[in-house]
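Okay, so here's the structure we're looking at.
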Amino acid sequence: MAFSTNSTSPATVTAGINYAVAPADGSRAYVKVTRNPVTGERDQNYRTEVKEVVVENVRGKEGQYNLDNVGFQWIKSPAKHTSFENDQDIKQEYYAESIELLKKQTGASKVVIFDHTIRRRRPDQVDTPGNRQPANGAHIDQTTKASIARVHRHLPADEAAERLKKRFQIINLWRPISHPAWEWPLALCDYRSADLDKDVLPVALIYPDFEGETFGVKFNPKHKWKYLRGMTPEEVVLIKCFDSVQDGSVAVFTPHTAFEDPTSPADAPLRESIELRALVFYD
């Protein structure tokens with residue numbers, strides 16, 4: 001699809017980021033994953049607020065950022081699997097090549113991909129499990145409790161117990177599909193600008209048959225947001241959602257969100273992307 005792009009790439013853009021606000025009554029924040037059949041919305045007891053922030057375009061200097069120092073890392077790595085139409089093919093083909101990519105980039109001894117999400121922005125449609133839209137809210141996919149639960153959920157009991165004695169991480173692998181992500185790109189927050197304790201809001205994810213937990217991200221004017229303008233399907237970003245090493249030596253997590261880039265070409269194709277979520281283990 002032919003469309004116009006700006007002749008110059010802006011160094012920064014100013015955009016609205018949706019931040020989480022804790023429940024006023026001090027109760028535990030929650031959101032029900034299944035939509036309310038009456039309202040069509042997901043029931044939740046916390047609200048969000050939009051804050052205008054500066055998002056830096058790091059195109060040309062993306063090599064300065066890695067999983068240990070900021071919590072995210074861009075890599076040039078064209079995929080062999082490119083159709084992304086069939087879940088079974090994705091699991092058989094794309095999972096396998098992505099496991100090798102994660103091992104190569106991290107030095108991990110074992111990688112277990114536990115799910116994936118394809119997002120195709122459709123402005124006239126709501127976000128549903130079978131029709132996922134860009135995630136428009138600053139968040140971190142897993143809390144510490146949820147990360148440990150993931151290990152128990154996806155590994156045999158004996159192996160899980162042993163793996164939890166050593167370092168492990170949860171890393172997402174995010175890639176545009178079909179065309180560059182000019183429209184509603186992904187912003188990532190430099191971990192060094194975040195407060196490990198004060199900036200996160202644990203949110204219970206209530207499913208019909210189990211409960212997970214994620215972090216909403218609360219506003220902090222010190223946050224430094226980054227994005228890679230015009231990220232292509234040949235590029236991936238690794239997003240650290242959890243690290244069991246929490247001694248101050250490395251980034252522990254990465255707040256991230258889709259955002260509306262005011263400099264996106266008006267006729268840019270709607271954003272399409274895939275993200276894999278992986279348990280990453282070290283010997």
Handout entry: Most mobile of Tyr46, Tyr65, Tyr207 in a GNM of the chain (Cα contacts under 10 Å)
Key = Tyr207
Problem - Viscosity 1.002 mPa s, temperature 20 °C, Stokes-Einstein D of the chain from Kirkwood C-alpha radius, µm²/s - result: 110 µm²/s
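Under the rule of -39500 (n - 2.57) per DSSP H run of 4 or more residues, summed and divided by the residues of the chain, what mean residue ellipticity at 222 nm is obtained, to the nearest 500 deg cm²/dmol?
Values: 3 runs with 30 residues, N = 283.
Result for the chain, helices only: -3000 deg cm²/dmol.
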Fill in the blank from the handout: Per the charge dipole of the range 118-186 (beta-carbon charges, Lys/Arg positive, Asp/Glu negative, Cα centre), the residue among Gly137, Trp184, Ile170 reaching farthest to the positive end is Ile170
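At most 10 other Cβ atoms within 10 Å and a DSSP loop assignment: could you name the chymotrypsin sites (Phe, Trp or Tyr not before Pro) in the range 146-212 that fit?
Values: sites: Phe168, Trp174, Trp182, Tyr191, Phe210; in loops: Trp182, Phe210.
Filter output for the range 146-212: Phe210.
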Handout entry: Set of lysines with alpha-carbon distance to Lys104 below 27 Å, sequence-local pairs under 8 removed
Key = Lys61, Lys76, Lys80, Lys91, Lys165, Lys166, Lys226, Lys240
Handout entry: Length added when fully stretched, Ile118-Lys61, from 0.36 nm per residue minus Cα-Cα
Key = 17.8 nm
Exercise for the section: Give me the distance in nm between label points sitting 7 Å out from Cα along the Cα-to-Cβ direction at Arg42 and Arg167, one decimal. Expected result: 3.2 nm
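Give, in nm to one decimal, the length gained when the segment between Lys91 and Asp68 is fully stretched (0.36 nm per residue of separation minus the Cα-Cα distance). Don't skip to the end; give the middle numbers.
On the way: separation 23, 0.36 × 23 = 8.28 nm, distance 2.77 nm.
This chain segment gains 5.5 nm when fully extended.
Just reorder Phe259, Phe114 by solvent-accessible area, largest first, 1.4 Å probe, all chains present.
Values: Phe259 0, Phe114 30 Å².
Most to least solvent-accessible, the answer reads Phe114, Phe259.
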Problem - Choice from Lys240, Lys80, Lys224 showing the highest fluctuation, given a GNM over the chain with Cα pairs closer than 10 Å - result: Lys80
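What is the dipole size for the chain, taken about its Cα centre, with +1 at each Lys and Arg Cβ and -1 at each Asp and Glu Cβ, in debye to the nearest 20? Please report the intermediate quantities before stating the final value.
Details: 37 positive and 39 negative charges, 77 e Å.
Around 360 debye, computed over the chain.
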Completion exercise
Summing +1 per Lys or Arg and -1 per Asp or Glu among the other residues with Cβ less than 15 Å from Thr232's Cβ gives 0
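The values are calculated or read from the model by the stated rules, or taken from the named source; none is laboratory data. Please read these numbers as outputs of a predicted model, since none were measured by experiment. Methodologically, a virtual Cβ is constructed for each residue, glycine included, from the backbone with ideal geometry; neighbour enumeration extends over all protein chains shown. When the accessible area is computed, the model is the full protein with side chains, heavy atoms only, and any ligands, DNA or RNA have been set aside. Shrake-Rupley method; radii C 1.70, N 1.55, O 1.52, S 1.80 Å.
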